Amino acid sequence: MTQSFELPVDKRRNVLDPVPELLELNARAPLFRPPGGMPHWIVTDREVVRQILADAERFSSMPPPEPDGRKPDPHPGSLLQTDGAEHSRLRRLVAPMFTVRQMKALEPMMARIVDQRLEVLERAGRPADLMRYFARPVSGLILAELIGLPRDDLSELSRLGDHRASGHSPRRHPATSEYVGHFRKLAAAQRRDPGEGLAGMLIREHGDAVSDEEVAGICESVANGSIENTAETIGLGVLALLCHPDQLALLRERPELMDRAVEELLRYVSVVASVSPRTALVDVEIGGELIKAGEVVSCSVFAANRCPYGGDDGTADRLDVAREPGNHLALGFGVHFCLGAALARLQLRIALTGLLERFPGLRLGTGVEELRFRSLAPQFGVETLPVLW
Amino acid sequence: MGIRVDRDSCVGSGACALFEPEFFDQSEEDGLVVLRAREAGAEALPALRRAASRCPARAITLVPSDGQGSAGWDRSD
Ligand code: HEM
Ligand code: SF4
């Protein structure tokens, strides 16, 4: 994809690093009004990001009205696009299924999928595209098992997902409704014969208290939140390690650092550059500015995680796999904090451990300057990542 | 020092249970935080402060053992 010159500053990266303009804006003020007027504000300061994301009473996650003033279509079951009591009702339906303990029980399934994909990657021959043969299928197959999606649907979904990720599709592109259609079908099939996955579990446990539309919406939320975010984090995480041979060597020497490395890589690559927009419900004074009721605010998690701030001893921009796991924002903050956090952490650990063990000589199969990045997708990522071993 | 959790705010992220399993767990029923200990010695303070600062729902607070005041999630940044 060509890096369009009009890419907003919070979407731009210098390979894995914040661009100088973003660092300057962050040094000048906690939030600013970007040119173009939409969103009305971009927040880069980590304290102000935390304050806004923690303040769901005054900042709504419902999608802002269309430019012509029309209200966006309701989206039943969508965790990210609901507020207040409705959001906590949905979240409480699914939270018990995503605990650290529940996810640990899925570890053997994840390990099996990772092993299979390592085989496929090796057989693909050198250089092989890590995204195509490993990162995307690992995250997709694990998700399919988790929600009970037939594997055939998965390739179709990833095709539609790629379409969305191109960032060029207009909001109501047909690919979007086809995508939703898959989840509607899944919900109807699971209602007739509830299986072991998330969809079946929701139906078995909650019966008619949860509608097919909601089951579909929840599964779509989970798929949207999961597949690309995890795949891109694996890809960029590997890239970050390969670009920092000292850190990679340290991690190989001390595999017990893997849990810390996962946290550090989540923070460092922050694939969700900005969380979904929040709309101020009332006038809010924050960070020395006045956000007016109705204004749309974009919180740049990438800036918050990577720009220097008071408490970081000047190290926020450095990759340090031994760093004490801190309070980074890569998985969000507040009531919409990533539902799949335990799953994402475990998946990343299993995938990265497997990859490093299998390929002691893992290295980039191309120059960094050859790599093409997905800057317009909802999550930042690399198109292809050729690797050698 | 005392450890307090607000289950009404907890979003079940599991961050506490993952990093400090000695003190925190998640309920099988609702996925929300369950305390494994309500009191901890001073040596646990740094770890507990980090747990409080990592909590995405600001649901963990530390209080002096006499139960007065708060050692606050925000001190640990
Ligand atoms: C490394 C991988 C991942 C990253 C970086 C990530 C990041 C995030 C972020 C930043 C948010 C907050 C968005 C906002 O506030 O607007 C979020 C929410 C969410 N994530 Fe993840 N995520 C990842 C993996 C997953 C996985 C594996 C799942 C599968 C269950 C998942 C499901 C969700 C859901 C359902 C939400 C919405 C929660 C709510 O609104 O209550 N995510 N994620
Ligand atoms: S870290 Fe906070 S939100 Fe997450 S489970 Fe523990 S108390 Fe709940």
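Buried accessible area between A and B (1.4 Å probe, both chains summed, ligands and nucleic acids excluded), in Å² to the nearest 100? Intermediate values should be presented prior to the final figure.
On the way: alone 17740 and 4610 Å², together 20290 Å².
Summing both sides, the interface buries roughly 2100 Å².
How charged is the neighbourhood of A:LEU346? Take every other residue with its Cβ under 12 Å from the Cβ of A:LEU346, and add Lys/Arg as +1 and Asp/Glu as -1.
Details: positive: A:ARG101, A:LYS104, A:ARG345, A:ARG349; negative: A:GLU107, A:ASP259.
Within the 12 Å Cβ shell, the charges total +2.
For the stretch B:2-73, take the alpha-carbon Rg, divide it by the Kirkwood Rh, and send me Rg/Rh.
Here Rg/Rh amounts to 0.93.
Extension gain A:GLU256-A:GLU369, at 0.36 nm per residue separation less the Cα-Cα distance, in nm?
Values: separation 113, 0.36 × 113 = 40.68 nm, distance 3.22 nm.
Extra length available between A:GLU256 and A:GLU369 comes to 37.5 nm.
In whole Å, what are the extents of the protein assembly as shown along the principal axes defined by its C-alpha atoms, from largest to smallest?
Ordered largest first, the protein assembly as shown gives principal extents of 64, 54, 49 Å.
On average, how much accessible surface per residue is there in the stretch B:2-73, in Å², for a 1.4 Å probe, leaving out ligands, DNA and RNA?
Averaged over the residues of the stretch B:2-73, the accessible area is 45 Å².
With unit charges on the beta carbons (Lys and Arg positive, Asp and Glu negative) and the dipole taken about the Cα centre of chain A, which residue among A:GLY207, A:GLY311, A:LEU266 sits farthest to the positive side?
Highest projection toward the positive end goes to A:GLY207.
Of all the stretches in chain A, which is the longest one without any exposed loop site, taking trypsin sites (Lys or Arg not before Pro) in a DSSP loop (any state but H, G, I, E, B) with at most 15 other Cβ atoms within 10 Å?
Here the longest segment lacking exposed loop sites spans A:173-291.
Please report, as a whole percent, how much of the solvent-accessible surface of the stretch B:2-73 comes from carbon and sulfur atoms (probe radius 1.4 Å).
Values: 1550 of 3210 Å².
Ligands and nucleic acids excluded, carbon and sulfur give 48 percent.
Indicate, rounded to the nearest 5 percent, the antiparallel portion of the DSSP beta bridges found entirely in the protein assembly as shown.
Percent antiparallel among DSSP bridges in the protein assembly as shown is about 90.
Taking 30 Å² as the minimum loss, tell me which residues in the stretch B:1-24 lose that much accessible area going from the chain by itself to the full protein complex (1.4 Å probe).
B:VAL11, B:SER13, B:LEU18, B:PHE19
Take the solvent-accessible surface of the protein heavy atoms, probe 1.4 Å, and return the percent of it on the stretch A:1-114 that carbon and sulfur atoms account for. Walk me through the numbers before you get to the answer.
Working: 3370 of 5790 Å².
Of all accessible area on the stretch A:1-114, carbon and sulfur atoms account for 58 percent.
For the pair A:GLU324 and A:THR384, what calculated FRET efficiency results from E = 1/(1 + (r/R0)^6), where r is the Cβ-Cβ distance and R0 = 30 Å, to the nearest 0.05? Display every interim value, and only then the final one.
Working: r = 34 Å, r/R0 = 1.13.
My answer for the efficiency is 0.30.
Answer rounded, prolate or oblate for the stretch A:213-335, using the Cα gyration tensor with square roots of eigenvalues a ≥ b ≥ c: rounded when a/c is under 1.5, else prolate when a/b is larger than b/c, else oblate. Walk me through the intermediate numbers first.
Details: a/c = 2.90, a/b = 1.42, b/c = 2.04.
Oblate, since a/c reaches 1.5 and b/c is not below a/b.
Suppose all protein chains stay in the model; what accessible area per residue would a 1.4 Å probe give for chain A, in Å²?
Numbers: 16690 Å² over 389 residues.
It amounts to 43 Å² per residue over chain A.
For the pair B:GLU28/A:ARG126, report the inter-label distance in nm, with labels modelled 7 Å from Cα in the Cβ direction.
4.9 nm
What is the gain in length, in nm to one decimal, between A:LYS71 and A:ARG92 on full extension, counting 0.36 nm per residue of separation less the C-alpha to C-alpha distance? Each step should come with its number before you reach the end.
Values: separation 21, 0.36 × 21 = 7.56 nm, distance 2.67 nm.
The span from A:LYS71 to A:ARG92 would gain 4.9 nm if fully extended.
Just from its helices, what would the mean residue ellipticity at 222 nm be for the protein assembly as shown, if runs of 4 or more DSSP H residues each count -39500 (n - 2.57) and the sum is divided by every residue, rounded to the nearest 500 deg cm²/dmol? Show your work: numbers first, answer last.
Values: 16 runs with 200 residues, N = 466.
For the protein assembly as shown, the value works out to -13500 deg cm²/dmol.
Let me know the shape class of the stretch A:202-250, please: from the alpha-carbon gyration tensor, a ≥ b ≥ c as square roots of the eigenvalues, rounded when a/c is under 1.5, otherwise prolate if a/b is greater than b/c, or oblate. Before the final figure, lay out each step's value.
Numbers: a/c = 9.17, a/b = 3.95, b/c = 2.32.
Prolate, because a/c is 1.5 or more and a/b exceeds b/c.
Taking 22 Å as R0, compute the FRET efficiency from the Cβ-Cβ separation of B:ARG7 and A:GLU57 and round it to 0.05.
Values: r = 19 Å, r/R0 = 0.85.
For B:ARG7 and A:GLU57, the calculated efficiency is 0.75.
The values are calculated or read from the model by the stated rules, or taken from the named source; none is laboratory data. As the structure is a prediction and not an experimental result, all values here were calculated from the model. Glycine also receives a Cβ, built like all others from the backbone with ideal geometry; neighbour counts cover every protein chain displayed. Ligands, DNA and RNA are excluded from the accessible area calculation, which covers all protein heavy atoms including side chains. Shrake-Rupley method; radii C 1.70, N 1.55, O 1.52, S 1.80 Å.
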